[in-house]
């Protein structure tokens, strides 16, 4: 009788290593994909809230103009009409035109937890988000042309770039002359 040899052959070892690698790399790839999806979802939610805030800032600007009696209900949003993009300076409570060039990046203040597009301080850090706003008067053809428009469309765009490319959220809202 021949003595049986013990140990693994080279082929058995390679098969065992391949099975082991698949058992490790499968969950690792799933974890990587999940982390990327979580980051995208977090950025998408933040961008949506920043866009909604842009609509609310336009409403606040309209309300402030009406309460103070400072003329036309859209006068403080003049920098945003037509093809002009603008941003809201939350520190100075003013609407500024973005041109020339793109709007400034949204900043995050770590002491207050608020986002803004203005203010350079040690606690204000630039984020990956850029927010711009446009205002379009909606003309009601049923009223005489001399009358003031009573409706405007606000379009707020927030975009950001990350490793997977450029992403954009667009939110539209309407404000009325009350």
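Structure data summary
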quantity	calculated
In nm, spacing of pseudo-spin labels at residue 56 and residue 99 (7 Å Cα→C-beta vector)	3.1
Computed label-point distance, nm, for sites residue 109 and residue 162 using a 7 Å Cα→Cβ extension	2.6
Nearest 10 degrees, 0 to 90: helix 10-68 Cα axis against the chain principal axis	10
Two-site FRET efficiency, residue 44 against residue 78, from Cβ-Cβ distance with R₀ of 35 Å, rounded to 0.05	0.65
Net length gained if the chain between residue 125 and residue 150 were fully extended (0.36 nm per residue, minus Cα distance)	5.1 nm
Label-point gap, in nm, between residue 68 and residue 14 - each point 7 angstrom along Cα→Cβ	7.8
DSSP beta bridge pairing in segment 10-176, given as percent antiparallel to the nearest 5	95
Shape box of the chain [Cα atoms, principal axes, largest first, Å]	113, 45, 28
Peptides ranked, highest mean first, by Cβ atoms within 10 Å: ranges 42-51, 61-70, 12-21	42-51, 61-70, 12-21
Relative contact order for segment 10-176, counting Cα pairs under 8 Å that sit 6 or more residues apart, in percent	18
Expected 222 nm ellipticity per residue - DSSP helices of 4 or more, -39500 (n - 2.57), all of the chain, to 500	-12500 deg cm²/dmol
Additional length obtainable on full extension of the chain from residue 33 to residue 136, 0.36 nm per residue less Cα span	33.0 nm
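Read the figures in this text as sums done on the coordinates, not as results from a lab. Worth saying up front: this structure is predicted, and the values here are computed from it rather than measured. Every residue, glycine among them, receives a Cβ derived from its backbone with ideal geometry; neighbour counts consider all protein chains shown.
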